[in-house]
Amino acid sequence: MPPLLLQPLPLSAEPPASVPGRAWVVGASAEAAAAMAHALPPDLRAEPLVGAPALLARLPAGPSGAPRGQDPGARPDAVLLDGALEDCADLCRRVRERHDALALPLLVLGGAADLEALVEAGANDRLDAGALELRAPGARAALCARVSTLVRLGQLAHLQRHSLAALFEQAPAFIAHVSGPTHVFDMANAAYVRLFGGRALLGKPLREVLPELEGQPYFELLDRVYATGEPFTAREMPARLDREGNGTVSEVLVTFVFQPTRAPGGQVDGILIHAVEVTELVRARKEAEAAQQAQAGLLQALAAQSLVFVALVRGPELVFEMTNSGYRKLFGGRDLVGKPLLEAAPELRGQGFDALIAEVIATGRPFTGREMPVVLEQEDGALEERRVSFVYQPVQGASGTFDGVLITGTDVTEAVHARQEAQARLAFEERLIGIVGHDLRSPLAAVRMSASQLQAPGALAPGLSGAQERAVARVERGARRIQAVITSLLDLTRARSGRGFPVAPAPADLDATLRQALEEVRVTYPGRELRYAHQGDTRGLFDEGRLAQVAVNLLENALKYGAPDRPVQLTCEGDAQALRFCVHNEGAPIPPELVAQLFQPFVRGPQSQDTVRVSVGLGLYIVREILQAHGGSIRVHSDEGSGTTFRVELPRAALEAAAGADEPPERARAGRSPT
């Protein structure tokens, strides 16, 4: 329908009687929208909107459609557009794509566009006064007169279309009417048009616009209905249609009625076509049938195995229809099929499982239980608590409603008991080691302090003989080793409890850290040769104390197990990707069968009289845990020709992640000079 151009109305001093209704006023600014709304009659509900996007977002999709969540009745009776809106004519065209001039009248206020251009774009009329000029004499009266007429038109069109739109356009079916013996389309709803790829159907014979139906029975069926006046009904009938309008034919299934219509004289003058597509419905039904068959096969397969217990209960009394050997074993070998749940296993009464199953049936939502306790009567008649993990899966009956539950699960009693025992052992070990560590640290500290004082020049007991000095040194070394064992045990407890090794990364230089560790080891092994080499930028983010602990441990291992007359080599390097250091010693290689277990707790290398004294085999395990806490790794290579080498790598990205750094490593290292 072309836009309706309203003729100018006579003006009066006062606004004419208004018509109750709704209007949207769309301003180029909030001030303009408010001025337009204020100028309208008080009994006309005006809603101000700012800008074209606000209008298009609120505008229903069609005469009877609305955006999701919006009341279809929220469409206004008229829309007032500020002529100052950017490209007002284009906005009119976009509105007309959704509503014609009677369904949603448009009035433009002022603006530079001429009336002819606005009307061509879809506006009903234009008022010369702009949105901010409505206080001028007569401007408000002119506005109210135009709006009243537009509202009347909009309300009348809405009433006339409402019943037809509800019946015709919103019908969940394909509806059309053809007239005469050549079956000319004189009506087709949107769904019918979409079915045929949006082709223009109205006013054209069916054979002309739907040529793909040639060779199918539909033309002959329509001819017969028109000739005999007898309706025709078909269910799930195949039809090959050009649904995209591009010549590609696809098959659909339709259920339809060809109903003859009659003129006032009683003769057949046309046929009403009412159809619904059932392609997906038929496909879903066939899939459901196939799934039901597959489910039956799955149940049979589940019932045949005993690793997982399986049962099926149905009906309000939860009668067992199927159980497998695993489920019967859980219930002491009882025969359960054909009996209600609480009759077959009365000991379940009061444990809540029947209520859970009933809830799954009522809601259709599955339930998962993990390690839930259940008390069951066993074969000897005794009640025993078991732990089970299971799923209650709702099952649909023939009516499509849920009427049963498939029970699948496993008896995890032994696994739960084993875990509880392991947790109890771990807790005991942790308490024991904590007590030992606490009770031994204080006396060890006293022993080490006393030994240090006796060794210092001008000590409390001067004049020690050489033998006495060596004895004091052995006491100090022994106390230090015992302290290291206690620290290792505490670290082991922390790692095995799941808390991990705490690290406190900070900007540091690995070169300085390794030099300090090297000097500490030199004191303990004064007669051994230790070599050191460094290259590259070794600054980064790490826990100096923990990495020093790693280096000391690896160096002491090399000194203990390497050839005593050969040097131990420590090398350190850094580049943009990672920090690395290696400890190498010559001598007998590590046995191959031991290499794979070397980083496990309580695993030690080949023991000698010196190395077996105070060693519990935790050093390398703790080394690995510390490096993993930094995001790093350690590898070992050992053979007869080249000796043994431990290689540590600490990727910079992993170090930053472990540190939780918020800035790149270049900044963290900026301004620092090598130590």
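Residue-wise test of (1) at pLDDT 90 or above; (2) in contact with a His (Cβ under 8 Å, 6 or more places away or on another chain); (3) under 30 Å from Leu383 (Cα atoms); (4) among the polar types (S, T, N, Q).
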| residue | (1), (2), (3), (4) |
| --- | --- |
| Gly266 | no, no, no, no |
| Ile273 | yes, yes, no, no |
| Val276 | yes, no, no, no |
| Glu287 | no, no, no, no |
| Ser325 | no, no, yes, yes |
| Lys329 | yes, no, yes, no |
| Gly333 | yes, no, yes, no |
| Leu336 | yes, no, yes, no |
| Pro340 | yes, no, yes, no |
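Have a look at Phe185, Phe168 and point out the one that is more than 20 Å from Ala30 (Cα to Cα), in contact with a strand residue (DSSP E or B) (Cβ under 8 Å, 6 or more places away or on another chain) and either at pLDDT 85 or above or assigned to a strand (DSSP E or B) (or both). Criteria check complete, one pass: Phe185.
Of the set (1) of a type outside the set (Gly, Ala, Ser); (2) in contact (Cβ under 8 Å) with a residue 40 or more places away in the chain; (3) over 30 Å from Ile482 (Cβ atoms); (4) surrounded by 14 or more Cβ atoms within 10 Å (Cβ to Cβ), all apply to Gln393 but (2). Considered as a group, the residues in the range 472-513 that are assigned to a helix (DSSP H, G or I) and among the basic types (Lys, Arg) include one that is modelled with the highest pLDDT, and that residue is Arg474.
Residue-wise test of (1) surrounded by fewer than 22 Cβ atoms within 10 Å (Cβ to Cβ); (2) out of contact with any Lys or Arg (no Cβ under 6 Å at 6 or more places or on another chain); (3) at pLDDT 75 or above.
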position	(1), (2), (3)
Pro105	no, yes, yes
Leu115	yes, no, yes
Thr149	yes, yes, yes
Gln160	yes, yes, no
Leu164	yes, yes, no
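Residues are listed down the side, and each one gets a yes or a no for (1) within 21 Å of Glu625 (Cβ to Cβ); (2) touching a His at 6+ places or on another chain (Cβ under 7 Å); (3) at pLDDT 70 or above:
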site: Glu429; (1), (2), (3): yes, no, yes
site: Val436; (1), (2), (3): yes, no, no
site: Ala446; (1), (2), (3): no, no, yes
site: Ala451; (1), (2), (3): no, no, yes
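Just one of the numbered conditions (1) farther than 17 Å from Pro41 by Cα; (2) touching a strand residue (DSSP E or B) at 6+ places or on another chain (Cβ under 6 Å) is not true of Ala113: (2). The residues of the range 380-390 that are surrounded by fewer than 12 Cβ atoms within 10 Å (Cβ to Cβ) and in contact with a helix residue (DSSP H, G or I) (Cβ under 9 Å, 6 or more places away or on another chain), listed by number, are Leu383, Glu385. Quick check, is Gly215 on the phi > 0 side of the Ramachandran plot, in contact with an Asp or Glu (Cβ under 9 Å, 6 or more places away or on another chain) and assigned by TED's automatic domain parsing to the domain that holds Glu251? So Gly215 fails the test. The residues on offer are Thr228, Thr182, and the sole one that is in contact with a helix residue (DSSP H, G or I) (Cβ under 8 Å, 6 or more places away or on another chain), among the polar types (S, T, N, Q) and surrounded by fewer than 17 Cβ atoms within 10 Å (Cβ to Cβ) is Thr182.
Of all residues assigned to the range 648-671, none qualifies as being outside the structural domain of Ala484 (by TED's automatic domain parsing), closer than 30 Å to Arg474 by Cβ and at pLDDT 85 or above. Being farther than 23 Å from Thr413 by Cβ and in contact (Cβ under 8 Å) with a residue 40 or more places away in the chain holds for only one residue in Val337, Val319, Val360, Val310, and it is Val360. The residue pairs whose first member lies in the range 121-138 and is more than 18 Å from Ala34 (Cα to Cα), whose second member is assigned to a loop (DSSP other than H, G, I, E, B) and at pLDDT 85 or above, and whose beta carbons are closer than 6 Å, counting only pairs six or more residues apart or on different chains, are Asn124/Pro105. Whether any residue in the range 375-386 is within 30 Å of Ala284 (Cα to Cα), modelled with pLDDT under 95 and aliphatic (A, V, I, L, M) is what I want to check. The answer is no; no qualifying residue exists. Within the range 22-58, the only residue that satisfies the criterion of being modelled with pLDDT under 85 and out of contact with any Pro (no Cβ under 8 Å at 6 or more places or on another chain) is Pro42.
Summed over the range 66-103, residues that are aliphatic (A, V, I, L, M), surrounded by fewer than 21 Cβ atoms within 10 Å (Cβ to Cβ) and modelled with pLDDT under 80 total 3.
The values are calculated or read from the model by the stated rules, or taken from the named source; none is laboratory data. Model, not experiment: these values are computed from the prediction. Because the Cβ atoms are built from the backbone with ideal geometry, glycine has one as well, and the counts that use them run over all protein chains shown.
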